[in-house]
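For reference, the structure is listed below as structure tokens.
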Amino acid sequence: STAMNAFTVDNMPGALAPMGFFDPLGFAEKADEKTLKRYREAEVTHGRVAMLAVVGFLVGEAVEGSSFLFDAQISGPAITHFAQVPDGWDALIVTFIGAAEAQRAQIGWVDPADVAYDQPGLLRDRYYPGDINFDPLGLKPENPEDLNLMLTKELQNGRLAMLAAAGFLAQEAVDGKGILEHFSS
């Protein structure tokens, strides 16, 4: 498929009118295909993490004091929640994150032992950034045009979520109030 095989600035998903391909600092025009794929891998991954973070902020603050987890003792702004997790749970969380990252690295990256020193973080030739073959609901379209549209939507939502998460972090750090508190005050 077009979305899965070719990878150039001209045919990358993610560009929408009126901006088109937005690269004001010219990183993409200076990048070869391998570097461009690494940039896109970073963008997709950070977008997915940000989407989860935004949901986590809102849900974590909404269920505060009523959750069965940790005897409903976790409270306050979401940026303080992780520090309130009981001892031992943080190690479990980090272990799960590490396992997921290791799996993603095995799927997408060339083994560092097989890469020249001047090509760190080299992605596999047949790997499309972000495609870790995880689609339990069967939502990934087979049609290349539909796939490009879905990838563009994911990128746009991820970009918005990165901005939202940054805003949530800044707001809670500045005034110490949860995001949902701002709507009720």
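The values are calculated or read from the model by the stated rules, or taken from the named source; none is laboratory data. Keep in mind that this is a model prediction, so the values were computed, not measured. Methodologically, a virtual Cβ is constructed for each residue, glycine included, from the backbone with ideal geometry; neighbour enumeration extends over all protein chains shown. Remember, those area values only see protein heavy atoms, side chains included, never the ligands or the DNA or RNA. Shrake-Rupley method; radii C 1.70, N 1.55, O 1.52, S 1.80 Å.
Let me know the charge dipole size of segment 76-126 about its Cα centre in debye, to the nearest 20, where only the beta-carbon of Lys, Arg (+1) and Asp, Glu (-1) is charged. Before the final figure, lay out each step's value.
Numbers: 3 positive and 7 negative charges, 39 e Å.
Dipole about the Cα centre, nearest 20: 180 debye.
Go through [x] 178; [y] 148; [z] 207 and flag the label whose value is the computed volume of the Cα convex hull per residue in Å³ for this structure.
Only one listed value fits the structure, namely [x].
List the GluC sites (Glu not before Pro) within segment 92-185 that fall in a DSSP loop (any state other than H, G, I, E or B) and whose Cβ has at most 10 other Cβ atoms within 10 Å.
Details: sites: E101, E142, E145, E154, E172, E181; in loops: E142.
For GluC sites (Glu not before Pro) across segment 92-185 that sit outside H, G, I, E and B with at most 10 neighbouring Cβ atoms in 10 Å, the list reads E142.
What percent does the relative contact order of the chain come to when contacts are Cα pairs within less than 8 Å and at least six residues apart?
Details: 147 pairs, mean separation 67.9, N = 185.
It comes to 37 percent, rounded to a whole number.
Helix 33-62 versus the longest principal axis of the chain: what is the Cα-based angle in degrees, 0 to 90, to the nearest 10?
20
Which order do you get for T95, T80, T45 if you rank them by accessible area with a 1.4 Å probe, largest at the top? List each step's numbers first, then the result.
Details: T95 90, T80 50, T45 30 Å².
Ranked from most to least accessible, the order is T95, T80, T45.
If you place +1 on the Cβ of every Lys and Arg and -1 on the Cβ of every Asp and Glu, how big does the dipole about the Cα centre of the chain come out, in debye to the nearest 20?
Computed about the Cα centre, the dipole is about 200 debye.
With charges only on Cβ, +1 for K and R and -1 for D and E, what is the dipole size of segment 36-87 about its Cα centre, in debye, rounded to 20?
460
Cα gyration tensor of segment 97-156, axes a ≥ b ≥ c as square roots of the eigenvalues: rounded (a/c below 1.5), prolate (a/b > b/c) or oblate? Kindly include the intermediate steps, with their values, before the conclusion.
Numbers: a/c = 2.64, a/b = 1.81, b/c = 1.46.
Prolate, since a/c reaches 1.5 and a/b exceeds b/c.
On a full-extension model of 0.36 nm per residue, what is the gain between E142 and E181, subtracting their alpha-carbon distance, rounded to one decimal in nm? The partial results should precede the final answer.
Numbers: separation 39, 0.36 × 39 = 14.04 nm, distance 4.33 nm.
So the chain would gain 9.7 nm between E142 and E181.
Using label points projected 7 Å from each Cα along Cα→Cβ, tell me how many nm separate D87 and I107, to one decimal.
Placing both labels 7 Å along Cα→Cβ, they lie 3.6 nm apart.
Give the residue from A15, V54, A166 lying farthest towards the positive end of the charge dipole for the chain; charges sit on Cβ (+1 for Lys and Arg, -1 for Asp and Glu) and the dipole is referred to the Cα centre.
A15
Could you name the lysines in cross-link range of K37, using Cα to Cα under 27 Å and dropping any fewer than eight places away on the same chain?
Within the straight-line limit of under 27 Å, K37 reaches these lysines: K140, K153.
Using Cα atoms only, what is the angle between the long axis of helix 144-175 and the major principal axis of the chain, expressed in degrees (0 to 90) to the nearest 10?
Once rounded, the angle reads 40 degrees.
Just name one of L147, W89, P129: the one whose Cα is farthest towards the positive end of the charge dipole of the chain (beta-carbon charges, Lys/Arg +1, Asp/Glu -1).
L147
Counting only protein heavy atoms, what percent of the accessible surface of segment 1-159 is carbon or sulfur at a 1.4 Å probe?
Values: 6460 of 10690 Å².
Accessible surface attributable to carbon and sulfur in segment 1-159 totals 60 percent.
Just to make sure I understand: if all protein chains stay in place, what is the order of H81, H182, H46 by accessible area at 1.4 Å, largest first? Before the final figure, lay out the partial values.
Numbers: H81 30, H182 60, H46 110 Å².
Descending accessible area places them as H46, H182, H81.
For a quick size check, give me the Cα extents of segment 78-185 along its three principal axes, largest first, whole Å.
Largest first, segment 78-185 extends 52, 38, 31 Å along its Cα principal axes.
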